[in-house]
Amino acid sequence: MEHPENSEEYKGLTVNSGVVSPGSVNPYLKRKSRPTLSVQDYVDGIVKGNVTVLSQAVTLVESLKPEHQAIAQEVIEKCLPYSGNSVRIGISGVPGAGKSTSIDAFGLHVLKDGGKLAVLAIDPSSERTKGSILGDKTRMERLAVHPKAFIRPSPAAGSLGGVARKTRETIVLCEAAGFDKIFVETVGVGQSETAVHSMVDFFLLIQLAGTGDELQGIKRGIMEMADGIIINKADGDNAPKAELAANSFRNALHLFPPSESGWTPKVLTYSGFYEYRIKEVWDMVWEYIDFVKKNGYFQYRRNEQAKYWMYESINETLKNGFYNNPEIASRLAEAERQVLGGEQTSFRAAQKLIDFYYSNLK
């Protein structure tokens, strides 16, 4: 094929012909296409604990294709009777606090007593490309190869609080597959962690010491949601600073109103890298779980969470219905032009589009 770059006007620039693609090293190799699974195949595989089928089901849940969503919802419905038998732990904190390293140590500790652990690690997404590195597994080296652990990194994709949009449904599938302990690791944005709080039983906040104003690293809203606060990297010369930071957080927590559960959040220091005081952290978590199960708050919180996600699903469906409406799509460009041209306000343009949408509903 002749390249236009080789013409006279591009003297000095030469583009060589491409190399012919070699054939397969193994001429007898035949690529097998993945078999298409039915809804019942997915459910049977998940209930039996087949991690491959579970991974495929989670991919369906995360897919934006309507045909995939239809299958995923059927699978979730049939898995519901097998779910709800796990302890769900949300783990958040400022970026760089050592969440992934700590989860590696936490996971090995909780698996000593048996059971299975699923880690749903949420990775930040690029605002430009919407892509994610999904590299959390590289910082969970031991847990990633543990036979009783399942790690699923997912892109945040702009979701509230850095929690993937379909994490709630993924929890149901993991529980149906027999995972009795579930960690949800968030991006750690610090300001909108409501989403993770609304899907876990215990909200664990990881903080650092020696980074300046300790209390500035996290805001009141997220501290009020925390059921426990732990100060990481409490080792070596940093140990005294970690204790000072812990005292600062304890004093701050006294200013907050009592929690609904009746539990008083504890503040502990530990080292995820050196695995120092890991047992104390998890003794606190299990103490909380026993406490809220005895006073009935455990089930109350789960019921409130189910209600919350029903309304979230309604909001999402309404939003998708609006933007996927072809008539609305054709009017959006004109509305944008009028707003940018100063012909009408943003609020007026939005109201007109919404009024049009509802007036044309069949």
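Read-outs throughout are calculated quantities, based only on the coordinates presented, and are distinct from any laboratory measurement. Keep in mind that what you see is a predicted model, and the values were worked out from it rather than measured. Glycine also receives a Cβ, built like all others from the backbone with ideal geometry; neighbour counts cover every protein chain displayed.
With one equal scatterer per alpha carbon and no solvent term, the Debye-computed log10 I(q)/I(0) for the stretch 303-362 at 0.15, 0.16, 0.23, 0.25 1/Å reads -0.56, -0.61, -0.91, -0.99.
Here's how it looks for F273: its modeled amide H is under 5 Å from those of K233, which are all 5 or more places away or on a different chain. In this structure the amide hydrogen of K266, modeled in the peptide plane, comes within under 5 Å of the amide hydrogens of I229, none closer than 5 places in sequence on its chain.
Using bins of 5 Å that start at zero, the share of Cα-Cα pairs per bin across the stretch 218-362 amounts to 2, 8, 12, 11, 11, 9, 7, 7, 7, 9, 10, 7, 1, 0, in whole %.
Among 116-122, 146-152, how do they line up by average Cβ neighbours within 10 Å per residue, starting with the highest?
Numbers: 116-122: 25.6, 146-152: 18.4.
In decreasing order of mean packing, 116-122, 146-152 become 116-122, 146-152.
Based on Cα atoms of the stretch 37-82, Rg over Rh with Rh as the Kirkwood radius reads 0.93.
Between T264 and S313, the C-beta separation translates, for a Förster distance of 25 Å, into a calculated FRET efficiency of about 0.15. Restricting to DSSP loop positions (anything but H, G, I, E, B) with no more than 16 other Cβ atoms inside 10 Å of their own Cβ, which chymotrypsin sites (Phe, Trp or Tyr not before Pro) remain in the stretch 222-329? Here the sparse-neighbourhood loop sites are F273, Y274.
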